[in-house]
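See below for the structure under consideration.
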Ligand SMILES: Cc1ncc(COP(=O)(O)O)c(C=O)c1O
Ligand SMILES: Cc1ncc(COP(=O)(O)O)c(C=O)c1O
């Protein structure tokens, strides 16, 4: 049944990021921190950002969850690394608007592949979780203790 | 509709006792006391008994309620006045068995007219209330303060 | 004017309610116990039946179809209720078992924020559900229960109410409409007065939702409680509306699954609103049924209904006054609920004879013993009308009462 | 032997349950989330529908036909439950909203009789509904919560349990069957041990009633709690069995109409059992539905069902072991509930793929976070069987999991 819909959600790239997540692991030193958690299904991720002069110089994440949430977290890190805060926020907004509403997928680049998730309404929050955590991290202006402290 | 069933319950004698209850009013002096109360419909009666040498010399009741409960209380007083405790208990048992189960109505005398109530299951407790209060009063061995005290 | 008259006299909704089309004791059923529970329209019954036969599943945690659908339907129901009550947010809609649980929830949970000496003000009109939970709270926390009296004509004594309000008053709780005698309280005014002394206000809306349009923001109350079964929905479900900031501050009432965020044996943290107050598997099919009842109510024109019900009420009161009865309570500013005693015939006997005619009324104290005491009666006969009643129902009541007189008068 | 085998493999009840005969995503529905909620047989649906379309009325105070019938039906339901559980008296059957309310009722009400330093003993297997209410009670009254551990194979560590019992232990509460991993607790033995130190015992029977014959006198427990929706009845109703003498001593939990004897503004006195604990309009149609579910369960041969379910369980476990999965919890003395993780695939993804095959399983922590932690997993895939499942359902699960492997492995 419905193989097409499943294949559409579990795209190769998603499965690949799920197996080998990028930027996985905490940062030695970070200036911003975000925590995304879905108590109902147990998805739980922490994001560590090192922001200098308005630019996300470095980003890492830890945690566990389903293929959608993990690949979303992984791809998020690759997308925002090196970007300015404003640009990252904009990307986040565009992505959420694309997933939650009928927003355009232009300017989303490879994030477009999450299109298939929209056919699985209960899985949508798996795709959005890490972006929510990013927004939270970017709001967080005060420095957070580095993991070394 | 169903006039027959109604007439069968609201027998002349029942209506007559309801209008002119016998032994209505408290006793100046009593040795036993019983209280019957149905909080759901508001029936509420108090029984005052003066028992000497095992005989119910005098009995009175106060309170208010529906035609069935009031006539039942009134007829109860006329039936047990002058009877021994044992006899009264026996009468009570026979009456309750008649109303609640398939018990015989022999030896019930004019109490037989409550037969019609059996066709109105929710009204059965109206007919039994005062008999329950009587049983309670007869259990009550200690003297109760007279109303004059 | 003519058009209005017409619509008023032709309002006929009986066909929507299967029970009303059954016969009773050989007559058509004359259902006049709507203050106890209302009948349910076909649409509600069908929504429940459809769910149970085709889609039954649990909510919240399932990734499978049935559970997703159930979750969506319950969410939709909450959305409908938010709009229906004009709440600001869905977080303010808590599903409970009924009005009684709603008031107990506030008494237990908001009660935890109250201190010895704090005062709770209720009125003489209240249902036991809006009396006893406060008495128990007073016993638990040393608070003081005050009661605003009514005047002989069954309306709240506003001056006395004002005098009882003070900065000690922390909570005021009153019924929107009295279930027993039909009084419609001037809710907005009462809320305004209570707010002036800084008190929070709960409105017991059990009787109101089926009779008038409720707007919690317009009323400006802090809590609003009602039962599904009294507004065309099923038993086993009701709603507590609560102002979000207050609900946030309140500790949970019942605890268990679905209302927690994380649990360890050391401690637990609680979920966001509204789930914080909804422990355990919700009354799923009942919530769906209530959602459908809201849809039904949304098709009603409350103005029209109020006009119509008032016509029924006036006719009933007029005809009752020709009989040997005494009306209890107000004669104006009241919902279509009449409470009366028949001179020389006990309410219970009246009920039985009416039942034989297929006329269903309530006799007793209507869970308002203090109010009965106020009027020095132990019980009344209460006929409570709904928009699906009609003049024939009024006539059936009157004819039944004549018969009572014949039999027992 | 042959005859038994035959009856075991031919048990087929699917026809009794309308939902099981729907198609799902083009396949027949394979419903394996019975621990969350069970489906309802036609007889239950018809009883509810009949009541709502023909007889709907409220209970207790009405002298009219509809109300009398409703009252009688609810009374009959209570009688059926008394017999079903082998309680001594109908006074011991309290209708509540579900297991969660039942446990909260005991925690609030029996909790009032507890003192600082009193201990409550639960187990590591418990559902949040049997953890959080006790934590809250401990916070309210200064009691201490103790937790009996399980062994790696998912059974209660009886020695540890014994050691934790002392004369300080005032209440012991454990599940009859674990909803998460299926463990069947040796309830009688656990009760006996608890009684030796004078503790009262509550059994959370939410999962047990659909799988085995419950006899509260034989178990000798003080309280037994379960939900209607988990044993073929509707949502919105459940039962708390309580020993009469204990219930008599306990203060009421929720208060309001129907549970009082007299109310004045000074004080109120409470009604007799069971009404003392049933404030407000009961969940009438749900109570009627539950009564009908009991009738249905009375037609079942529990021995046969247990045999049958064990066959399904064995087959499922055997076939699962051939896949790349890890079973969590016990392998014997367990109900037909299997909990597992798939190596390298997250439970959530498994659930989605299975759903696409029309196979409904639960993924997550099953409201047993501490137990998940014990096994060092954040979630499991749980397939919970009922007697209406069959070998085809087992095969559908296995095939679905193979597909998961294909897609995501
Ligand atoms: C063992 C156990 N206890 C308690 C509960 C709570 O039951 P309910 O949600 O019906 O109140 C459940 C089910 O969720 C359960 O499985
Ligand atoms: C004014 C009022 N408040 C509270 C209640 C209690 O509602 P429920 O019994 O549905 O909880 C009722 C109805 O009985 C009522 O009429």
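We did not get these values from a lab; they are worked out from the coordinates using the rules stated. Note that the structure is predicted; figures quoted are calculated from it, not measured. Backbone-built Cβ (ideal geometry, glycine too); neighbour counts: all protein chains shown.
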**Message:** Using Cβ contacts closer than 10 Å as the measure, can you line up B:52, D:82, A:90 from fewest to most?
**Reply:** B:52, A:90, D:82
**Prompt:** At a Förster radius of 35 Å, what calculated FRET efficiency corresponds to the Cβ-Cβ distance of residue C:391 and residue C:218, to the nearest 0.05?
**Reply:** 0.60
**Complete:** Over the protein assembly as shown, the sum of -39500 (n - 2.57) across DSSP H runs of at least four, divided by residue number and rounded to 500 deg cm²/dmol, gives at 222 nm -12000 deg cm²/dmol
**Request:** On a 0 to 90° scale, report how tilted helix D:284-298 is relative to the longest principal axis of chain D, with both axes built from alpha carbons and the result rounded to the nearest 10.
**Result:** 60 degrees
**Request:** Calculate how many DSSP beta bridges within chain D are antiparallel, expressed in % of all such bridges and rounded to the nearest 5.
**Result:** 60 percent
**Item:** For residue A:57, inter-copy label distances in nm, listed shortest first [label point 7 Å out on the Cα-Cβ vector]
**Value:** 10.9
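Pulled fully out, how much extra length does the chain show between residue C:27 and residue C:42, if you take 0.36 nm times their separation in residues and subtract their Cα-Cα distance?
Net length gain for the segment: 3.2 nm.
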**Message:** How large are Rg and Dmax for the protein assembly as shown when calculated on the C-alpha trace, in angstrom?
**Reply:** 32.0, 107
**Prompt:** Which percent, to the nearest 5, of DSSP beta bridges fully inside the protein assembly as shown are antiparallel?
**Reply:** 70 percent
**Message:** Can you classify segment B:2-146 as rounded, prolate or oblate using the Cα gyration tensor, where a ≥ b ≥ c are the square roots of its eigenvalues, rounded means a/c under 1.5, and otherwise it's prolate if a/b beats b/c and oblate if not?
**Reply:** prolate
**Request:** Sort C:110, C:31 so that the residue with the fewest other Cβ atoms within 10 Å of its own Cβ comes first and the one with the most comes last.
**Result:** C:110, C:31
**Message:** What would the Debye equation give as log₁₀ I(q)/I(0) for chain D at q = 0.07, 0.14 Å⁻¹, counting only Cα atoms as equal point scatterers?
**Reply:** -0.35, -1.28
**Request:** Output the relative contact order of segment D:207-309, whole-number percent, from Cα pairs under 8 angstrom with separation of 6+ residues.
**Result:** 26 percent
**Item:** GNM flexibility winner over chain D from D:388, D:108, D:375 (Cα, springs under 10 Å)
**Value:** D:375
**Item:** Net length gained if the chain between residue D:324 and residue D:310 were fully extended (0.36 nm per residue, minus Cα distance)
**Value:** 2.8 nm
**Complete:** What a careful reader reports for the chain D Cβ nearest the rotation axis onto chain C, distance rounded to whole angstrom, is D:236, 2
**Asked** Taking the alpha-carbon centroid of each part, what is the distance from segment D:232-303 to segment C:245-266 in angstrom?
**Response** 25 Å
**Asked** Cα axis of helix A:67-80 to longest principal axis of chain A: angle in degrees, 0 to 90, nearest 10?
**Response** 50 degrees
**Prompt:** Using 7 Å Cα-to-Cβ label points, what is the residue A:62/residue C:112 separation (nm, one decimal)?
**Reply:** 3.2 nm
**Message:** Could you tell me the relative contact order of segment D:82-168? Use alpha-carbon pairs under 8 Å, at least six residues apart, and round to a whole percent.
**Reply:** 26 percent
**Item:** Sequence ranges D:237-248, D:182-193, D:219-230, ranked by mean other-Cβ count within 10 angstrom, highest first
**Value:** D:219-230, D:237-248, D:182-193
**Asked** Restricting to segment B:2-146, what percent of DSSP beta bridges are antiparallel, rounded to 5?
**Response** 95 percent
**Message:** Can you compute the modelled spin-label distance between residue C:333 and residue C:264, with each label point 7 Å from Cα toward Cβ, in nm?
**Reply:** 5.8 nm
**Request:** Would you mind ranking D:19, C:44 so that the residue whose beta carbon has the fewest other beta carbons within 10 Å leads the list?
**Result:** D:19, C:44
**Asked** Label-to-label distances across copies for residue B:15, with labels 7 Å out along Cα→Cβ, in nm, shortest first?
**Response** 8.8
**Item:** Residue with peak Gaussian network fluctuation, chain C [Cα springs, cutoff 10 Å], from C:278, C:167, C:101
**Value:** C:167
**Message:** Run the label-point distances for residue B:118 please: 7 Å along Cα to Cβ, every other copy, nanometres, shortest first.
**Reply:** 7.5
**Request:** Quantify how strongly other chains surround peptide B:63-69 by giving the mean number of their Cβ atoms within 10 Å of each of its Cβ atoms.
**Result:** 5
**Request:** Please report how far the C-alpha centroid of segment C:306-367 lies from that of segment B:75-112, rounded to the nearest whole angstrom.
**Result:** 37 Å
**Message:** Tell me the relative contact order for segment D:46-297 as a rounded percent, counting alpha carbon contacts under 8 Å between residues six or more apart.
**Reply:** 24 percent
**Message:** At R0 = 30 Å, how high is the FRET efficiency between residue B:105 and residue C:402 if r is their beta carbon distance? Nearest 0.05 is fine.
**Reply:** 0.35
**Request:** Round to the nearest 10 and give me the degree value, 0 to 90, for the angle of helix C:132-141's Cα axis relative to the longest principal axis of chain C.
**Result:** 40 degrees
**Request:** Could I have the simple spin-label model distance between residue B:89 and residue D:50, label points 7 Å from Cα toward Cβ, reported in nm to one decimal?
**Result:** 4.5 nm
**Difference of contour (0.36 nm per residue) and Cα-Cα distance, residue C:83 to residue C:272** = 66.0 nm
**Request:** Choose one answer from B:21, B:39, B:121: the residue with the largest mean-square fluctuation in a GNM of chain B with alpha-carbon springs under 10 Å.
**Result:** B:39
**Item:** Residue list for segment D:253-288, given a label point 7 angstrom along the Cα-to-Cβ vector of residue C:141 and an amide N cut-off under 19 Å
**Value:** D:253-256
